[in-house]
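Q: Got a structure for you, questions after.
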Amino acid sequence: MRGLMMDRPLLIGPLLHYAAEYHGDTEIVTRTTEGPIHRYSYAEAERRARQLAKALKRLGVGFGDRVATLAWNTHRHFELYFGVSGIGAVCHTINPRLFADQLRYIVNHAEDKLLFLDLTFVPIAEKLAAQWPCVRHYVIMTDRAHMPETGLSGALCYEDLVAAETADLVWPEFDENTASSLCYTSGTTGNPKGALYTHRSTLLHSFAVCSANAVAISMRDSILPVVPMFHVNAWGIPYAAAMSGAKLVFPGPKLDGASLHELFTSEKVTLSLGVPTVWLGLLQHLEQTGKRLDGLQRVTVGGSAAPRAMIEAFEEKYGVQCIQGWGMTEMSPVGTLALLKAKHLLRSRDEQLAIKAGQGLALYGVDMKVIGADGTPQPRDGKASGELYVRGPWIIGAYYNDEPATQAAFDEAGWFRTGDVCSIDADGYMTIVDRSKDVIKSGGEWISSIDVENAAMGHPDIAEAAVIGLPHPKWDERPLLIVVPKPGRQPSKESILDFLGNKIAKWQLPDDIVFAPELPHGATGKVLKARLREQFKEYRLPTA
Ligand code: AMP
């Protein structure tokens, strides 16, 4: 028997309409690319998104067309999220930190018709425009006064486009499984692969992100997403904020500790989200200046493993709850969050921190299974590890227009292979051991590079650390630890090994340590292990 409830589509245009109707005077604040702070409300944002949608139509954008952005987190980018998807076109957010070759590939692969770009990225587009024959118009996201001299032929001005339209568009209704946005993953090998989200997947993901077992977003929050809107839709925060009527604070191009701290204070930010490197920058700034984080209630950290020392610093030194999340571009992105159950509140601080340093519990909607090297499902005992497979309504079912990548990414039952190695304990808490290609295979045992890095980053003189496996005649591979000391500090190898000796098993200790002024980071803030392996391929371990 079919139920008798209305079958109303979950759509992104009406989501912003809800925010305008019920949270119309809630603020959206931006540190603009031009410099000054811009301030308006959900009501104004929605009005302008409707004007923008009309401008898009006037420029020939139709249902299903791809409209690209090369932009920071700003109010204009927010308007594009809703204006583009709201008329059934696809908002393709491009990561400007990708290599030129990757940028050339993805614009052509997506066949972007229009490209909206911030002033910062005009030089990139000027260099590549000749190789992007599909792009009909470039729109520079600024006002008339700031329009640059540019070689981009017929470049349009964002503010002129919006101002030329009236706001009488009504968000159209269509199938909720219509494509809404597109984001390419920046794998270290092969071409980038496109995750094509739907209105439905985006809205379901938002409900999940807002829920109390996730990030618990409410209309009393003031949220600063440091995670870029060109990286998995800023983890879905623009949609989640609109859904709950939370204030949004967009940091624009300035993501250093001092600039973030200034906005945290002036805009009374309660929640902020970002990758570990961003938080390392902020914590260093606080340490150097003696500033506090008054008012900030929680930070979410994901994209790479959060070092335990970082979680401790936020919670113990600054009184800010630190929530680790795990996910992937292919998962919209949120899969798990490391929060404590009621029974954990009675446990020791040490046990609590151990839980928070793991990747946490799956959200309702995300199914997980762990498959061992022998192809069998692994028990949930917190020890057995294997590759993590997932499925769910906000996880991709195929890559966009990429049959070979799709073939490789799913098992026969349709589960998505994450490429992450993990274990799950009896309570369901998942711990990432490593990316499958980064795990160090030493004498038949696996050493988790994440465990060793995490331990090293607890050392008081170490800012950042990475571990790679190097060939070894007896053990196959052994770990090399690469360390970036904090400014003005010079830890010795012995002091680091002594420190690690108390935290990890003896056979997991690195065979050597090298010091470096910095580590190579990829387009989404992850340490580029492939680059390190290349850099150290001639390096001989003293034990080899
Ligand atoms: P991306 O698609 O760029 O968001 O990258 C997804 C990958 O980042 C995952 O498959 C993991 O390898 C890694 N990752 C994301 N969050 C975490 C986390 N909290 N801990 C460890 N690795 C993570």
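Q: Divide the volume of the convex hull of the Cα atoms of the stretch 293-373 by its number of residues and quote the answer in cubic angstrom per residue.
A: Spelled out: Cα convex hull of the stretch 293-373, divided by residues, is 140 Å³.
Q: Sticking with this structure for a sec: Using only protein heavy atoms and a 1.4 Å probe, report how much of residue 531 is accessible, in Å² to the nearest 10.
A: 110 Å²
Q: How large is the Rg to Rh ratio of the stretch 46-171 when both quantities use alpha carbon positions and Rh follows Kirkwood?
A: Rg/Rh: 0.94.
Q: For the stretch 445-528, run through the trypsin sites (Lys or Arg not before Pro) and keep only the ones in DSSP coil with at most 16 other Cβ atoms within 10 Å of their Cβ.
A: Answer in residue order: 474, 489, 503.
Q: Then there is this: If the reach is capped at under 17 angstrom between alpha carbons, list the lysines near residue 437, excluding any in the same chain fewer than eight residues apart.
A: 526, 529, 537
Q: If contacts are Cα pairs under 8 angstrom and at least 6 residues apart, what is the relative contact order of the stretch 366-435 in percent?
A: The value is 34 percent.
Q: Okay, moving on. Can you spot the lysines whose alpha carbon is less than 22 Å from residue 57's alpha carbon? Ignore those fewer than 8 places along the same chain.
A: Filter leaves 113.
Q: How are the alpha carbon pair distances in the stretch 440-535 distributed across 10 Å bins from zero to the largest one, expressed in percent?
A: Spelled out bin by bin, the stretch 440-535 gives 16, 50, 30, 3 percent.
Q: Give me the percent of the accessible area of the chain that comes from carbon and sulfur atoms, probe 1.4 Å, all protein chains in place.
A: C and S fraction of accessible area: 52 percent.
Q: On full extension of the chain, what length is gained from residue 111 through residue 22, given 0.36 nm per residue of separation minus the C-alpha to C-alpha distance?
A: Value of the extension gain: 28.3 nm.
Q: Using Cα positions and a limit of under 26 Å, work out the lysines in reach of residue 341, with same-chain residues fewer than 8 apart set aside.
A: 317, 356, 369, 383, 503
Q: Let me ask you something else. Can you give me the accessible area per residue for the stretch 366-435, using a 1.4 Å probe, in Å²?
A: 46 Å²
The values are calculated or read from the model by the stated rules, or taken from the named source; none is laboratory data. These figures come from a predicted structure and were not determined experimentally. Glycine gets a Cβ as well: all are built from the backbone with ideal geometry, and neighbour counts include every protein chain shown. Each accessible area value is taken on the protein alone, full model and side chains, heavy atoms only, with ligands, DNA and RNA left out. Shrake-Rupley method; radii C 1.70, N 1.55, O 1.52, S 1.80 Å.
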